1. Nearest 0.05, what FRET efficiency do residue 94 and residue 289 give at R0 = 22 Å with Cβ-Cβ as r?
2. How long is the gain from residue 211 to residue 45 if the chain were fully straight, where each residue apart is worth 0.36 nm and the alpha carbon distance is subtracted?
3. Given the convex hull of the Cα atoms of the stretch 8-98, what is a quarter of its surface area in nm²?
4. Please compute the modelled spin-label separation between residue 69 and residue 158, points set 7 Å along Cα→Cβ, answer in nm with one decimal.
5. Of the labelled options (1) 60, 48, 39; (2) 59, 41, 39; (3) 62, 62, 30, which one gives Cα extents along the principal axes in Å as computed for this structure?
6. Suppose we take every Cα in the stretch 247-299 and form the convex hull; what volume per residue is that in Å³?
7. Evaluate E = 1/(1 + (r/R0)^6) for residue 190 and residue 105, where r is the Cβ-Cβ distance and R0 equals 22 Å; express this FRET efficiency to the nearest 0.05.
8. Normalise the Cα radius of gyration of the stretch 12-169 by 2.2 N^0.38 Å (N = residues in it) and let me know the number.
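Nothing in this text is a laboratory measurement; each read-out follows from the coordinates by a stated rule. Just so it is clear, the structure is predicted and the values come from calculations on it, not from any experiment. Ideal geometry is used to build each Cβ from the backbone, glycine not excepted, and the neighbour counts take in all protein chains shown.
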């Protein structure tokens, strides 16, 4: 009986399935298939020139027991993710919430202004000039002028300062797709619910936010959280642009940088695939935790 119901449901919605087919095909080719192949290759010794040789868990043992640089990369990645993930997520929502209160034309202009850094490559150049290690870098020049320091600080070469600078730039660029999703989500909340809430006893904007806005924005909140944690754990371009590759003494080395090193430079594809699988697992696990938390919002 259940099989008949499923067949009937498929026939009734066949047009919808046909509309989904192009996306499903592309998703399988560019996501499911590469992830599956990476998992298989992670159990092999593969250098692109010779046929893969099965080595079992050797790559994973090497990764966790013998690769000190990978452990450093994990620490740096978690520090960046723990700070930029939640703070960037909250900043994106806060800015979207504030912009939503403005007139439509001003809202559109500010949305472009806040979103632009996440897609502009010039941001790296600007921050490289600001944190330049010579006396002519903007920050060093001001600190020397004010008498705060006696000699220029190597912001992008000193391991004491590299990671904080990367975190700062990551936060600046965190207003990305999640921010746009929040702006769009706030526009879809039914205004009559706010009027009904006022009748039911809601007395301030914070109660309005918690009991009406957030529950209505769960899909956008979920999307923003996934994008935030994925970008935080996968950070790599920022460190390369600011501190070079590899960064001095691996002070800003991340898992994505380690993956790039073994996958694109050393061509150890089996080992690189093991790194990719570990990073993928971290993202999936973290996203599952976030989804469970967001589902409780407003309940």
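1. Details: r = 22 Å, r/R0 = 1.00.
My answer for the efficiency is 0.50.
2. Residue separation times 0.36 nm, minus the Cα-Cα distance, leaves 54.4 nm.
3. Values: hull surface 47.6 nm².
Hull-based average projected area comes out at 11.9 nm².
4. 2.5 nm
5. Read-out from the structure maps to (3).
6. Details: hull volume 4.5 nm³, N = 53.
Cα convex hull per residue, to the nearest whole number: 86 Å³.
7. Details: r = 23 Å, r/R0 = 1.05.
Working from the Cβ atoms, E equals 0.45.
8. Numbers: Rg = 23.8 Å, N = 158, 2.2 N^0.38 = 15.1 Å.
Dividing the Cα Rg of the stretch 12-169 by 2.2 N^0.38 Å gives 1.58.
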